[in-house]
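Contents: one structure, followed by commentary.
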Amino acid sequence: AAPAAVASVEAGEDGLHVRFADGAEHRFDACWLRDNCKCERCMSQSGQKHDRTILPGSRALDMLNCEVLDDGETVTIAWRDHHGEEVEYEASWLRRFAYSHGAIEDEQASRAASFYHAERTSSKTFLPEVNFADVMASDAGVWDWVSRLEKDGFCMIRETPVEEGTVKKVANLVGSCSHAIYGETFDVKATPKPINIAYSDKALEPHMDLAYYESPPGVQFLHCLRFDEGVKGGDSTLIDAHAVAEEFKLRHPEHFHILSTVPATFQKDHVDREFPVRMFYQRPHIHTNYLGEVTACFWAPPFEGPLRVREDFVEPYYRAYHAFRTLLMSKEMWDKYGFLFRLRPGDLITFNNRRMLHGRNAFTSETGARHLQGCYLDADTFLNKFRVMSTTMSQDVDILGCDERFGTSSHR
Ligand SMILES: [Fe+2]
């Protein structure tokens, strides 16, 4: 029998106990099983649920009979109120969605482990990368890129044509670009009197783009069109903010509590530009799920406006903010979770804008040109493509957990 086949079932006061062929045991609450019943009476034709009204402990949830059929592939339950029918559950489905006996904890632990760029400990030069020609050639090439980006938080695409618009062409393999306030694509180059610090030759501390949006972009693309040898500096930086925030929680629990509860102000208040902007969004820097694990970290110092919180939270906020920034900028964190590289013309760096903070070192703009072209994808657009492709490519990936890496599952 397959490992996910069911060896035996037993209905008890506390739900259904299922023993699988490989020895794993799981318990399922009666209300949960009933809520996930797929019988004709519970589901509409199009697969939506329309009966969610049975209270835990109700007599209707008595399991009168439970059986294992089809060599363990199917479990049937006869509910007291369920017109005497046997309702079927697929064994593989039960196994996949099992939540007892530490199943959720194991799942969370394996998600957490993948935050830590394990490959880095063995190789300081670890940099996930794919080749443009491979990405364009087949779905397997797209999947290779998309799945690395999902897992590692970023992926370099090498040897892209040095042509304007390429960045959009690549993004469109996943979906439509986000129409942000900068337009569908934007150009990052040093200009006199820049309207944004990014368009100067100054250093940029690690930050998330568009943190003042209700939903900041999920993926950012930066395509290097020109980077003259004569330009000194200008190296790109990336650091895993989720990993740093987890370390912050262990080292400074009180500060962590403040940064995960007190709302900071993110803003872009700039009316005097071609497309006037007045955007404000208040949210804590760090978001956690119901288990206290970090699911999002919003950090964009140049776009943080006046704090608007009750007076007794002001000083604690600034202390916590300072402690986080100190940790984020420490050599220790950069050695563990940071990346530094000089883009070459033809390099297209793609990264999770909500997990990997990005920045750059200052550079000399008199000695040559540096030109990047960028665009964004919404987190939902990317995650949808990732999940759909995991099915078409028959890859077993964590389709529920992937949104934690994009900070879209705050559970708050
Ligand atoms: Fe940026």
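Descriptive notes on the structure:
- For the stretch 71-80, 3J(HN,Hα) per residue [Karplus equation, 6.51 cos²θ - 1.76 cosθ + 1.60, θ = phi - 60°, Hz, x = Gly/Pro]: 6, x, 7, 9, 10, 10, 10, 9, 7, 4
- Dmax and Rg, reported as Rg then Dmax, of the chain (C-alpha, Å): 25.1, 82
- Relative contact order, percent, the chain [alpha-carbon distance under 8 Å, six or more residues apart]: 20
- Once the Cα-Cα distance is subtracted from the 0.36 nm per residue extended length, the A362 to E107 segment shows a gain of 87.7 nm.
- Using θ = phi - 60° and Karplus 6.51 cos²θ - 1.76 cosθ + 1.60, couplings along the stretch 310-317 (whole Hz; Gly, Pro as x): 4, 4, 6, 9, 5, 5, x, 4
- Close amide H pairs (under 5 Å, H built 1.01 Å from N) link H270 with V277, R278, M279, residues at least 5 positions away or on another chain.
- One chain, two ends: V309 and E229. Fully extended at 0.36 nm per residue, the span grows by 24.0 nm beyond their Cα-Cα distance.
- In terms of surrounding Cβ atoms within a 10 Å radius of their Cβ, C66, C31 rank from fewest to most as C31, C66.
- The magnitude of the dipole of the chain, with charges of +1 and -1 set on the Cβ of Lys/Arg and Asp/Glu and taken from the Cα centre, is near 1700 debye.
- Hz values of 3J(HN,Hα) by residue in the stretch 328-336 - Karplus curve (6.51, -1.76, 1.60), Gly and Pro given as x: 4, 8, 6, 4, 4, 5, 5, 5, 7
- Each peptide in 257-267, 311-321 was scored by the mean count of other Cβ atoms within 10 Å over its residues; highest first, the order is 257-267, 311-321.
- Per-residue Cβ neighbour rank within 10 angstrom, fewest leading, M156, M43, M356: M43, M156, M356
- Between helix 103-113 and the chain there is an angle of about 20 degrees, using the helix long axis and the longest principal axis of the Cα atoms.
- Placing R0 at 35 angstrom, the Cβ-Cβ distance between D29 and E254 gives a FRET efficiency of 0.45 after rounding to 0.05.
- Each residue, N289 and D187, gets one label point 7 Å from its Cα in the Cβ direction; the gap between the two is 4.3 nm.
- Percent of C-alpha pairs per 10 Å bin, the stretch 181-252, short to long: 13, 42, 31, 13, 1
- Förster radius 41 Å - calculated FRET efficiency between L69 and R158, Cβ distance, rounded to 0.05: 0.20
- Cβ-Cβ FRET estimate between S8 and Y318, R0 fixed at 56 Å, reported to 0.05: 0.40
Read-outs throughout are calculated quantities, based only on the coordinates presented, and are distinct from any laboratory measurement. The model shown is predicted, which means the values in this text are computed figures rather than measured ones. Cβ sites come from the backbone with ideal geometry, for glycine too, and all protein chains shown count toward neighbours.
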